[in-house]
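See below for the structure under consideration.
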Amino acid sequence: MNVRHIRRLSLVLCVSGLAFPLAPATAQTAQEDVIVVTGARSETLRSDSTLATAILEAEAIDRVSAQHVSEALNRLPGVNINRGNGAEHLTAIRSPVFTGGQGAGSFLYLEDGVPLRAAGFSNINGLFEGADGLADRIEVVRGPGSAAYGSNALHGLVNIITPDPQDAERSLRLEAGSFGRAAARFNLAGETGFGAGWLGLGVRHEDGWRDDASMDRRVLQARLDGVAGQTDWSLRLAGVDLEQETATFVNGFEAYKDEVASRRNADPEAFRNAYALRAALHLNRPITETLSAQAVVFARSNDMQFRMHFLPSEALETSGHDSVGFQSALVWTLDESVLRLGLDTDFTEGALREFQTRPTVGPFVQGLHYDYEVQSHTVAAFVMGEHQLTSRLRLDAGLRWENTRYDYANLAPDGQIGRYLRLPDRDDSFDTLAPHAGWVFEVNDALSTFGRIARGVRAPQTAELYRLQPGQSVEGIEPETLDSAETGLRLQFGRTAQLEMSGYVMRKENVILRDADGLTVTGASTRHHGLELDGVWSITDSLMLSGAVSWAVHEYDFDGGAGAGSERIRKGARIDTAPEWLSNVRLLWRPVDQVLVETEWAHVGEYFADAGNTATYDGHDLFHLRLSTDIHDQLRVSLAVRNVLDERYAERADFAFGRYRYFPGEPRTVSLSATVGF
């Protein structure tokens with residue numbers, strides 16, 4: 001951080017103190033320990049877990065009141081969500097920002113432990129199908145998941161957890177802000193004739209700060225918990241509907257610095273419409289004093305239509321899939337050990353159609369590109385064990401076998417058309433094994449260390465197998481594997497401070513990626529290593545400092561690329577869109593019981609914008625202010641100022657098809673909200 005950045009941070013801290021000169025007040029303390037559920041699909045103390053898990057609690061979710069999911073998740077270590085237009089995004093968790101099938105399949109997005117989508121039909125913008133704004137908390141696992149999860153749990157998992165009806169609030173929140181933004185969130189909880197219930201509704205509209213870039217997103221969730229005999233049951237329903245006009249890239253070197261140019265939308269016809277429906281019945285039943293059974297029966301339906309504005313074709317893609325499945329496990333809980341045996345399965349029917357209406361542009365030919373259907377069946381078995389070897393040493397290990405089978409039917413004429421290859425009907429099957437083992441050692445009451453080795457896997461996405469280019473073959477595409485080793489330490493200083501530090505090395509094989517010309521590269525390999533820091537410090541009773549810092553290097557481990565393409569990939573080159581440094585630091589001040597002020601500094605370091613390492617983006621620093629005040633016990637008013645210094649920056653910088661292109665970041669914005677409890 002240079003002198004200019006330090007001065008800016010000092011200015012923001014001073015502004016927060018001068019704007020709200022209120023008297024001092026109550027305590028803020030670090031949490032001694034928290035419960036996580038993602039690792040083993042059941043409750044575990046985070047201090048006992050070998051997984052690097054970060055948590056965004058309900059209080060932080062409410063305080064941030066994210067207009068885009070990236071605002072919330074980018075507060076966590078190792079996470080870098082690139083915000084697109086509207087609800088769109090590209091994800092990075094211990095990784096570069098991926099595109100194509102790699103971006104869709106490298107991360108597992110969950111709702112209460114159940115994947116939002118079937119593994120082979122992932123959505124690169126998959127988090128917009130989650131109900132993050134209604135969540136009780138969000139858990140993010142960095143690195144490969146446990147044996148409880150299969151395909152796509154490579155670089156990380158995001159688990160959005162619904163509120164418990166017994167603890168949920170009853171409230172209404174209304175919000176208005178810059179660029180025609182308006183939002184409402186409604187929560188209702190209480191006892192019903194069938195059990196404890198919760199209902200959540202979230203709606204958001206924005207006119208868009210860029211031309212022809214409006215968005216409407218609606219989210220509805222419901223949960224009903226009850227008991228039938230000895231069985232605890234929980235029925236959970238969710239629906240998400242999105243309608244947005246999409247503003248595309250702005251082209252030209254550092255075009256994002258020109259606010260007038262940044263507001264223009266080169267493709268006013270671009271759009272994305274989507275819906276997602278989900279239902280899940282969670283069951284838990286004790287069988288004996290030491291044995292219990294867990295199961296989840298679920299169904300989902302997803303449908304999406306959008307214009308592919310990021311390609312010269314600007315083709316219209318229509319896709320969707322419907323699934324039914326279950327997760328199950330037998331859990332033995334003994335004095336010093338826990339053993340889990342599980343069986344999961346997923347049946348899915350999906351379809352995709354791609355059609356170009358604009359005239360032919362080189363190999364991007366007008367007309368039908370693809371039209372196919374795929375039936376998918378995934379079955380998996382896993383075993384996981386934990387053992388308290390000594391009073392201070394805890395071990396765990398697990399193994400998951402998974403088979404994924406695709407039955408593909410081509411509805412268009414077989415063969416090549418332009419740069420598109422339509423395969424004849426075929427069946428494909430993939431087997432994967434994902435082991436892991438780890439340890440947690442309690443050195444003393446204040447310090448523990450942990451370590452883990454693990455393999456993450458993913459079967460190829462259906463779009464990677466059946467949307468090929470001429471010269472490619474399905475036979476050359478294998479499941480991706482990511483081998484990871486990590487270690488770290490956790491420090492707890494009573495209720496004053498806590499700190500977690502971790503380091504990792506990873507190698508990924510059979511990588512499927514998209515190059516700068518939009519062509520698919522198969523059989524690649526990459527290397528990744530980094531350090532992460534996550535902590536909180538209660539400086540005084542009224543002042544708390546918290547934040548996350550990440551340093552990482554992501555490199556290609558092969559020579560290749562499209563032979564006739566505009567760039568070559570060299571072994572040892574940095575992977576594009578992979579900042580070496582990320583940080584997010586917050587200062588939380590409670591001058592009196594009724595007032596809370598938060599100052600946030602978000603830093604994204606320099607990175608290469610192309611795989612050839614010839615184009616760069618300098619990175620950026622953003623500052624945000626948030627103020628909330630409790631008028632009385634049932635009314636809270638909040639103010640948020642995002643990008644306080646009105647920085648010109650890029651949410652994403654890219655060099656493709658021979659030119660720089662950017663998603664420009666928003667200028668300064670202001671929003672005001674009121675929350676009423678009842």
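The values are calculated or read from the model by the stated rules, or taken from the named source; none is laboratory data. Quantities reported herein were computed from a predicted structural model and do not represent experimental measurements. With ideal geometry, Cβ positions are generated from the backbone for all residues, glycine too; neighbour counts draw on all protein chains shown. Note: accessible area is taken over every heavy atom of the protein model, side chains too, but ligands, DNA and RNA are not part of it. Shrake-Rupley method; radii C 1.70, N 1.55, O 1.52, S 1.80 Å.
Let's see how each residue does on (1) of a type in the set (Gly, Ala, Ser); (2) open to solvent by 30 Å² or more (accessible area, probe 1.4 Å); (3) touching a residue at least 40 places away in the same chain (Cβ under 8 Å):
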site	(1), (2), (3)
Ala578	yes, no, yes
Leu587	no, yes, yes
Leu596	no, no, yes
Gly612	yes, no, yes
Asp621	no, no, yes
Leu639	no, yes, no
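Please verify whether Pro77 is more than 25 Å from Asp33 (Cβ to Cβ), buried (at least 21 other Cβ atoms within 10 Å of the Cβ) and either modelled with pLDDT of 95 or more or touching a helix residue (DSSP H, G or I) at 6+ places or on another chain (Cβ under 7 Å) (or both), treating the condition exactly as stated.
The answer is no for Pro77.
Check whether at least one residue in segment 267-285 is touching a residue at least 40 places away in the same chain (Cβ under 8 Å), polar (S, T, N, Q) and assigned to a loop (DSSP other than H, G, I, E, B), and report yes or no.
Looking for residues that are touching a residue at least 40 places away in the same chain (Cβ under 8 Å), polar (S, T, N, Q) and assigned to a loop (DSSP other than H, G, I, E, B), one finds none in segment 267-285, hence no.
State whether the residues of segment 118-131 include one that is surrounded by fewer than 23 Cβ atoms within 10 Å (Cβ to Cβ) and farther than 20 Å from Arg217 by Cβ.
Among the residues of segment 118-131, not one is surrounded by fewer than 23 Cβ atoms within 10 Å (Cβ to Cβ) and farther than 20 Å from Arg217 by Cβ, which makes the answer no.
Name the pairs: first residue in segment 295-314 and on the phi > 0 side of the Ramachandran plot and touching a residue at least 12 places away in the same chain (Cβ under 8 Å), second residue surrounded by 15 or more Cβ atoms within 10 Å (Cβ to Cβ) and not in a loop (DSSP other than H, G, I, E, B), Cβ to Cβ under 7 Å, at least 6 apart or on different chains?
Glu314/Arg307
Here are some conditions: (1) surrounded by fewer than 20 Cβ atoms within 10 Å (Cβ to Cβ); (2) basic (Lys, Arg); (3) under 30 Å from Val383 (Cβ atoms). Arg495 meets all but one. Which one does it not meet?
(3)
I need a count of the residues in segment 190-203 that are under 18 Å from Gln67 (Cα atoms) and open to solvent by less than 40 Å² (accessible area, probe 1.4 Å). Spell out how you get there, then give the answer.
We begin by selecting, within segment 190-203, every residue under 18 Å from Gln67 (Cα atoms); these are 200-203.
Filter again for open to solvent by less than 40 Å² (accessible area, probe 1.4 Å), leaving 200, 202.
Residues flagged as under 18 Å from Gln67 (Cα atoms) and open to solvent by less than 40 Å² (accessible area, probe 1.4 Å) within segment 190-203 amount to 2.
Just one of the numbered conditions (1) of a type in the set (Val, Ile, Thr); (2) closer than 30 Å to Gln166 by Cβ; (3) open to solvent by less than 70 Å² (accessible area, probe 1.4 Å) is not true of Thr248; which one?
(2)
Out of the residues in segment 83-101 that are open to solvent by 10 Å² or more (accessible area, probe 1.4 Å) and polar (S, T, N, Q), which is farthest from the chain's Cα centre (by Cα)?
This residue is Asn85.
Of the residues Phe355, Phe306, Phe326, Phe347, only one is more than 30 Å from Gly385 (Cβ to Cβ), open to solvent by 50 Å² or more (accessible area, probe 1.4 Å) and aromatic (Phe, Trp, Tyr); which?
Values: Phe306 fails: open to solvent by 50 Å² or more (accessible area, probe 1.4 Å); Phe326 fails: more than 30 Å from Gly385 (Cβ to Cβ); Phe347 fails: more than 30 Å from Gly385 (Cβ to Cβ).
Just one listed residue meets the conditions, Phe355.
Name every residue in segment 537-560 that is part of a strand (DSSP E or B), touching a residue at least 40 places away in the same chain (Cβ under 8 Å) and surrounded by fewer than 19 Cβ atoms within 10 Å (Cβ to Cβ), in order of residue number.
Trp537, Leu543, Leu545, Val549
Which one is nearest to Val511 (Cα to Cα) among residues in segment 449-493 that are among the polar types (S, T, N, Q) and in a strand (DSSP E or B)?
Start the filter on segment 449-493 by keeping residues that are among the polar types (S, T, N, Q), which leaves 449, 461-462, 469, 472-473, 481, 484, 487, 492.
Pick out the ones that are also in a strand (DSSP E or B) and you get 449, 481, 484, 487, 492.
Numbers: Thr449: 32, Thr481: 8, Ser484: 15, Thr487: 25, Gln492: 39 Å.
Step by step, filter segment 449-493, then rank; the result is Thr481.
Which numbered condition trips up Gly385, out of (1) surrounded by 19 or more Cβ atoms within 10 Å (Cβ to Cβ); (2) under 29 Å from the mean Cα position of the chain (by Cα); (3) not acidic (Asp, Glu)?
The failed condition is (1).
Within segment 143-160, can one find any residue that is farther than 30 Å from Gly226 by Cβ and surrounded by fewer than 23 Cβ atoms within 10 Å (Cβ to Cβ)?
No, segment 143-160 contains no residue that is farther than 30 Å from Gly226 by Cβ and surrounded by fewer than 23 Cβ atoms within 10 Å (Cβ to Cβ).
When segment 223-241 is examined, which residues are found to be open to solvent by 30 Å² or more (accessible area, probe 1.4 Å) and free of Cβ contacts under 8 Å to residues at least 60 places away in the same chain?
Leu224, Val227, Ala228, Gly229, Gln230, Asp232, Trp233, Leu235, Leu237, Asp241
Quick one: which residue in Glu402, Glu373 is open to solvent by less than 30 Å² (accessible area, probe 1.4 Å) and in contact with a strand residue (DSSP E or B) (Cβ under 7 Å, 6 or more places away or on another chain)? Walk me through it before giving the result.
Details: Glu373 fails: open to solvent by less than 30 Å² (accessible area, probe 1.4 Å).
Among Glu402, Glu373, only Glu402 is open to solvent by less than 30 Å² (accessible area, probe 1.4 Å) and in contact with a strand residue (DSSP E or B) (Cβ under 7 Å, 6 or more places away or on another chain).
Can Ser106 be described as open to solvent by less than 20 Å² (accessible area, probe 1.4 Å), of a type in the set (Ser, Thr, Tyr) and either touching a Pro at 6+ places or on another chain (Cβ under 9 Å) or modelled with pLDDT under 95 (or both)? Reasoning before the result, please.
Working: open to solvent by less than 20 Å² (accessible area, probe 1.4 Å): yes; of a type in the set (Ser, Thr, Tyr): yes; either touching a Pro at 6+ places or on another chain (Cβ under 9 Å) or modelled with pLDDT under 95 (or both): yes.
The answer is yes for Ser106.
Yes or no: segment 114-137 includes at least one residue that is part of a strand (DSSP E or B), under 19 Å from Thr348 (Cα atoms), of a type in the set (Val, Ile, Thr) and touching a residue at least 60 places away in the same chain (Cβ under 8 Å).
Applying the first criterion (part of a strand (DSSP E or B)) to segment 114-137 yields 114-115, 137.
With the extra rule that they be under 19 Å from Thr348 (Cα atoms), the set shrinks to 114-115.
Add one more test, that the residue is of a type in the set (Val, Ile, Thr), and what stays is 114.
Subsequent filtering for residues that are touching a residue at least 60 places away in the same chain (Cβ under 8 Å) retains 114.
For segment 114-137, residues part of a strand (DSSP E or B), under 19 Å from Thr348 (Cα atoms), of a type in the set (Val, Ile, Thr) and touching a residue at least 60 places away in the same chain (Cβ under 8 Å): present.
Go through the residues of segment 174-189 one by one and say whether even a single one is within 28 Å of Val641 (Cα to Cα), basic (Lys, Arg) and either touching a strand residue (DSSP E or B) at 6+ places or on another chain (Cβ under 7 Å) or open to solvent by less than 20 Å² (accessible area, probe 1.4 Å) (or both). I'd like the intermediate steps shown before the answer.
First pass over segment 174-189, keeping only residues within 28 Å of Val641 (Cα to Cα): 174-187.
From the residues that got through so far, the ones that are basic (Lys, Arg) too are 181, 185.
In the following step, the residues that additionally are either touching a strand residue (DSSP E or B) at 6+ places or on another chain (Cβ under 7 Å) or open to solvent by less than 20 Å² (accessible area, probe 1.4 Å) (or both) were identified as 181, 185.
Yes: segment 174-189 contains one or more residues that are within 28 Å of Val641 (Cα to Cα), basic (Lys, Arg) and either touching a strand residue (DSSP E or B) at 6+ places or on another chain (Cβ under 7 Å) or open to solvent by less than 20 Å² (accessible area, probe 1.4 Å) (or both).
Going through Glu111, Glu169, Glu71 one at a time, which residue ends up being more than 24 Å from Asn403 (Cα to Cα), open to solvent by 20 Å² or more (accessible area, probe 1.4 Å), charged (D, E, K, R) and at pLDDT 95 or above? Before you say what the answer is, go through the steps one by one.
Numbers: Glu111 fails: more than 24 Å from Asn403 (Cα to Cα); Glu169 fails: at pLDDT 95 or above.
Checking each option against the conditions leaves just Glu71.
Going by the conditions given, is Tyr649 open to solvent by less than 40 Å² (accessible area, probe 1.4 Å), touching a residue at least 60 places away in the same chain (Cβ under 8 Å), aromatic (Phe, Trp, Tyr) and over 27 Å from Asn510 (Cβ atoms)?
On the way: open to solvent by less than 40 Å² (accessible area, probe 1.4 Å): yes; touching a residue at least 60 places away in the same chain (Cβ under 8 Å): yes; aromatic (Phe, Trp, Tyr): yes; over 27 Å from Asn510 (Cβ atoms): yes.
Yes.
Looking at Leu482, is it closer than 27 Å to Ser328 by Cβ and open to solvent by 70 Å² or more (accessible area, probe 1.4 Å)?
Against the criterion (closer than 27 Å to Ser328 by Cβ and open to solvent by 70 Å² or more (accessible area, probe 1.4 Å)), Leu482 does not qualify.
Answer yes or no as to whether Thr487 is open to solvent by 50 Å² or more (accessible area, probe 1.4 Å) and either at pLDDT 95 or above or in contact with a Lys or Arg (Cβ under 9 Å, 6 or more places away or on another chain) (or both). First the steps, then the outcome.
Numbers: open to solvent by 50 Å² or more (accessible area, probe 1.4 Å): yes; either at pLDDT 95 or above or in contact with a Lys or Arg (Cβ under 9 Å, 6 or more places away or on another chain) (or both): yes.
In short, yes.
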